[in-house]
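Okay, structure first, notes after.
Quick note: the coordinates plus some simple rules give every number you see, no bench work behind them. Keep in mind that what you see is a predicted model, and the values were worked out from it rather than measured. In this analysis, Cβ positions are derived from the backbone assuming ideal geometry, glycine residues included, and neighbour counts consider all displayed protein chains.
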Amino acid sequence: MLNGFGALLTGASAVVVTARKLTDGAWLIVVALPLLVFALEKVHRAYAETGARLELGRLPQAPQRSRAVVVVAVSGLSRLTSQVLTAARSLGDEALARQGLSSPTSAITSAIIFNALIIVALIPPTLRGVRYRPASGHDLLRRNLGVYGLGGPILPFAGIKLIDLVVSTIPGLG
C-alpha cells in the first residue's frame, strides 16, 4: 500500500514537472524517450530473430570431414620446401608442390606483390558489404565453393606466375 502511494505521488510529480517545463525543453524528453525505447525494442527483436536463424544456444551438428588438398608453389627443392610441405600437410590430407617460378627471390617478391594487389582489390567489396540472405550451412558451403573454390587455387598461382614473369626480368631479382 505504501509503495503504491509512493508510486502515485512520483508519477503525479513527474507529470506536473514535465507540464511545467514543457516549454523549457522537456518536450524533447517526452518525444525522444519513447522513440528511443521503440528503436531499441526494434533492434532487440532483430537480434532475437537473427539469433533464432543462427540457432544460437543450440548444439550444432557434428562437422563433416571432407578431403582437402593443399597446393604449394615452390621455386625448387630444398630443406625449406620440405618444411613448407610438412606444414601444408597439417592443413589437409595431401600436399602437392608446384614448381615453376624463376627463383626463390622472385617467388617471394611475386607472392608479396600479388598479396598486396589482392588486398587492395578486396577493400571496395569489403566496405560495400554483403546482403544477408538466410541459407543453410550446406547451401552456403556449396555456393562459396562454386564461386570461390575455383578462384582460390587457380587465381593465386596464375597471378603469382604472371608477376614472376615480370619480376624475373628485373636484375637482382630473377
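Could you grab me the full set of residues in the stretch 14-61 that are of a type in the set (D, E) and farther than 26 Å from R131 by Cα? First the steps, then the outcome.
In the first step, residues of the stretch 14-61 are kept if they are of a type in the set (D, E); the result is 24, 41, 49, 55.
The one that is of a type in the set (D, E) and farther than 26 Å from R131 by Cα: D24.
Residue-level analysis places L127 outside the set of residues that are within 30 Å of G51 (Cβ to Cβ) and surrounded by 10 or more Cβ atoms within 10 Å (Cβ to Cβ).
Please verify whether Q83 is farther than 30 Å from L141 by Cα and either exposed (fewer than 12 other Cβ atoms within 10 Å of the Cβ) or in contact with an Asp or Glu (Cβ under 7 Å, 6 or more places away or on another chain) (or both), treating the condition exactly as stated. Criteria met by Q83.
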